[in-house]
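Step one of this worksheet: look at the structure below.
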Amino acid sequence: MSESRPHVLLLSAIVLIPAIAVVLFYQLDSFDPAPMHNSHVLQGAEMVGVGQLFGPEDLAYDPNSGLIYTGCSDGWIKRVTVNESVADSVVENWVNTGGRPLGLVLGHHNDVIIADANKGLLKVTSDGAIDLLTDEAEGVKFKLTDGVDITDAGMLYFTDASEKYSLNEMTQEISQGQPYGRLMSYDPSTKQTKVLVRDIYFANGVAVTPDQSFVIFCETRMRRCKRYYIQGERKGYVDTFIDNLPGIPDNIRYDGKGQYWIGLGKVTTFSWDLTTQSYPLVRKVLTIIERYIGRPHMKKNGGLLAVDLEGKPIAHYYDSGLSLITTGIKIANHLYCGSIAYPYMIRLNLTQYHGI
Ligand SMILES: *[C@@H]1O[C@H](CO)[C@@H](O)[C@H](O)[C@H]1NC(C)=O
Ligand SMILES: *[C@@H]1O[C@H](CO)[C@@H](O)[C@H](O)[C@H]1NC(C)=O
């Protein structure tokens, strides 16, 4: 019994010293980018398909049919009509993948290509048949197929967020903080899957640039997007497109008008927010603190960031009440936003904001 006191002291020191160090790091490290000139708190946001769209993580718009495709947590690929008034929008269950569809993009043959977290890369034909395109590369199965985009020539670029942890094992993924993500390509003509970039800290959304020279991919944990060169002398080279984002990036979508829209999640835990590879011990302690003591309140907002072709921020739309906004697509003057957290899409009327 008399020995218990030194033990308590020693234990407190073991826990407290790193905890204090973390708070110091957090204060000193310049995580927060300078406030952006063109930043807006969301106003007049409308909800589309309330109670019918469960975690519409990504959206793809078909201008010919006027339909938005989205994958939901109940496994359904749903189709939503785009109408002037959100009250007129109709949600239809189209095809159920039996998995968890995340990223999706229109194919070139009236098909839809889907990154399904549980199943791999899928193609759904216009008559609703589901084909598995690929679910492994270099002998390693995908665990969390996440984002996908297509080039004009039909080449598919996609990510596996983690080859180790599935969507249901996010807690382990977060506490481990290891780079288990891969960027890959799938060539429909040869049916070949190729690993292009490995060791990515949670590989997420993908966007092919309009000139077809790069593939941009989001590295969620590092709060940045990188560029993989798919053409020219520097083919195969990787550099940074944008870093130090004001939230964790999910999907990135090109709007056909000189801007990419990046869906940003609120940073809710210390351990996610720290530059992970720098402080592995600190991260471990933080995960323990968060598990047993609770998460510190972080004043960060979910929202969207519009960036230009060079990755320069143009506008930031956010709201303190939003947690995980995962995608944004522009249709006429509206921005339709997906989220993995809400049972609806959010629609913003961009004409209301100055500068856009
Ligand atoms: C909503 O949009 C769909 C698809 O474009 C269209 O068929 C339908 O008539 C529209 N509904 C209303 C009430 O405008
Ligand atoms: C969008 O906002 C503009 C400017 O406030 C307004 O004139 C327009 O009617 C709005 N559109 C819709 C569909 O609400």
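Using 27 Å as the Cα-Cα cut-off, could you pick out the over-long pairs in 141/191; 226/266; 143/312?
The answer is 143/312.
So how much slack lies between residue 353 and residue 87, counting 0.36 nm per residue of separation and subtracting their Cα-Cα distance, in nm?
The residue 353-residue 87 span can extend by a further 93.5 nm.
Using 1/(1 + (r/R0)^6) with R0 = 56 angstrom and r between the beta carbons of residue 127 and residue 239, what's the FRET efficiency to the nearest 0.05?
On the way: r = 42 Å, r/R0 = 0.75.
Calculated transfer efficiency: 0.85.
From the Cα gyration tensor of the stretch 44-349, with a ≥ b ≥ c the square roots of its eigenvalues, which class applies: rounded if a/c is under 1.5, or else prolate if a/b is larger than b/c, or else oblate?
Verdict is rounded for the stretch 44-349.
Relative contact order (percent) for the stretch 44-349, with alpha-carbon contacts under 8 angstrom and 6 or more residues of separation?
It comes to 15 percent, rounded to a whole number.
Taking amide hydrogens as modeled 1.01 Å from N in the peptide plane, which residues meet the under 5 Å criterion relative to residue 96, leaving out close sequence neighbours?
HN-HN under 5 Å from residue 96: 77.
Name the residue farthest towards the positive end of the dipole of the stretch 44-349 from the options 259, 172, 185, assuming +1 on Cβ of Lys and Arg, -1 on Cβ of Asp and Glu, about the Cα centre.
172
Under the definition of Cα pairs under 8 Å and six or more residues apart, what whole-number percent is the relative contact order of the stretch 186-254?
It comes to 28 percent, rounded to a whole number.
Got the relative contact order for the stretch 174-216 handy, in percent, Cα pairs under 8 Å and 6 or more residues apart? Kindly include the intermediate steps, with their values, before the conclusion.
Numbers: 54 pairs, mean separation 14.3, N = 43.
Once divided by the residue count of the stretch 174-216, the mean separation gives 33 percent.
Between residue 96 and residue 213, what is the spin-label point distance in nm, taking each point 7 Å from the Cα along the Cα→C-beta axis?
4.7 nm
With θ set to phi - 60°, apply the Karplus curve 6.51 cos²θ - 1.76 cosθ + 1.60 along the stretch 54-61 and write out the HN-Hα couplings as whole Hz, x wherever there is a Gly or Pro.
8, x, x, 5, 9, 10, 9, 10
Which lysines, if any, have their Cα less than 18 Å from the Cα of residue 330, not counting same-chain residues under 8 positions apart?
Qualifying lysines at Cα under 18 Å: 257.
Limiting things to C-alpha atoms, what are the Rg and the maximum Cα-Cα separation (Dmax) for the stretch 66-153, in angstroms?
When restricted to Cα atoms, the stretch 66-153 yields Rg and Dmax of 13.7, 49 Å.
Once amide H atoms are built 1.01 Å from N in the peptide plane, which residues 5 or more positions from residue 328, or in another chain, come under 5 Å H to H?
Residues meeting the criterion, in which the H sits 1.01 Å from N, are 253, 263, 338.
Can you compute 3J(HN,Hα) from phi for each residue in the stretch 205-218, using the Karplus curve 6.51 cos²θ - 1.76 cosθ + 1.60 with θ = phi - 60°, rounded to whole Hz and x for Gly and Pro?
x, 9, 9, 7, 6, x, 7, 6, 9, 9, 10, 8, 10, 8
Which of the peptides 192-203, 208-219 is most tightly packed, and how do the rest follow, judged by the mean count of other Cβ atoms within 10 Å per residue?
Result, highest mean first: 208-219, 192-203.
Values in this text are rule-based calculations from the coordinates and carry no lab data. Worth saying up front: this structure is predicted, and the values here are computed from it rather than measured. Because the Cβ atoms are built from the backbone with ideal geometry, glycine has one as well, and the counts that use them run over all protein chains shown.
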